[in-house]
Amino acid sequence: MDKNKIMKKKFNYSDNNGKVIVGNGDYKFTTEWSRASNKSIHFYDHPGDIKGIALAENLNDGDFKQNVSKLNLAELNYSSGSRTLGLKDVAVFQNTKGEFLFVKPIRIKDKQRGDDEDSFEFEYDMKGVSTSQMIWMEIQVWFRKNWKRVLYNQLLGFCLGDLIDAIKNRPQK
């Protein structure tokens with residue numbers, strides 16, 4: 001496997017619970033897919049070697065490798081365990097080793113919509129990230145998952161502080 005070369009793959013998403021393995025070693029991604037239509041397909045973060053998934057919308061025009069290289073991976077939203085990939089989008093997978101897989105749809109076939117088979121054909125690219133990029137992404141993913149708790153604790157802290165100040169400064173009888 002050459003992680004510097006754009007590769008192609010085609011599989012039947014109705015087989016093997018929609019799972020297909022892309023790559024190997026540190027660049028192994030067990031992806032999972034399911035039917036949406038012949039213009040889109042669902043993907044998931046369920047398999048054990050997938051840490052997070054994101055969707056880069058309207059990125060499928062022009063040079064795939066160049067478009068992927070411009071992505072700011074830290075700005076993508078990894079908060080959901082499922083996404084729907086359209087024909088003009090790119091699916092982003094992060095595995096537990098910290099490496100990334102980018103999937104660009106070529107063709108989606110759906111027997112329920114008159115096609116001769118259920119299949120998903122795509123191009124893919126892989127890349128790693130630096131330690132500083134990884135740390136920044138970890139912080140952003142953590143904050144997206146915990147922002148309500150952080151906000152609640154901050155508000156609670158401010159309210160308690162105001163209450164304590166009010167008690168200390170109340171007029172004495």
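The values are calculated or read from the model by the stated rules, or taken from the named source; none is laboratory data. These numbers were taken from a predicted model, which means no experiment stands behind them. Quick reminder, even Gly has a Cβ in these numbers, built from the backbone with ideal geometry, and neighbours come from all protein chains shown.
Just a few scattered comments:
- Scoring residue 41 on the criteria (1) crowded, with 18+ Cβ neighbours inside 10 Å; (2) of a type in the set (A, V, I, L, M); (3) within 15 Å of residue 100 (Cα to Cα) leaves a single failure, condition (3).
- Residue ID - modelled with the lowest pLDDT, chosen from residues in the stretch 111-142 that are among the acidic types (Asp, Glu) and either under 21 Å from residue 24 (Cα atoms) or outside the structural domain of residue 75 (by TED's automatic domain parsing) (or both): 138
- Here residue 82 meets each of (1) surrounded by 14 or more Cβ atoms within 10 Å (Cβ to Cβ); (2) under 18 Å from residue 19 (Cα atoms) with one exception, condition (1).
- Scanning the stretch 59-91 for residues being more than 13 Å from residue 122 (Cβ to Cβ), outside any helix (DSSP H, G or I) and touching a Leu at 6+ places or on another chain (Cβ under 7 Å) gives a total of 1.
- Residue tally, condition under 18 Å from the mean Cα position of the chain (by Cα), over 24 Å from residue 115 (Cβ atoms) and assigned to a helix (DSSP H, G or I), over the stretch 2-58: 2
- Scan of the stretch 44-67 for residues that are more than 13 Å from residue 88 (Cα to Cα) and surrounded by 13 or more Cβ atoms within 10 Å (Cβ to Cβ), ordered by number: 44, 45, 46, 47, 49, 50, 51, 52, 53, 54, 65
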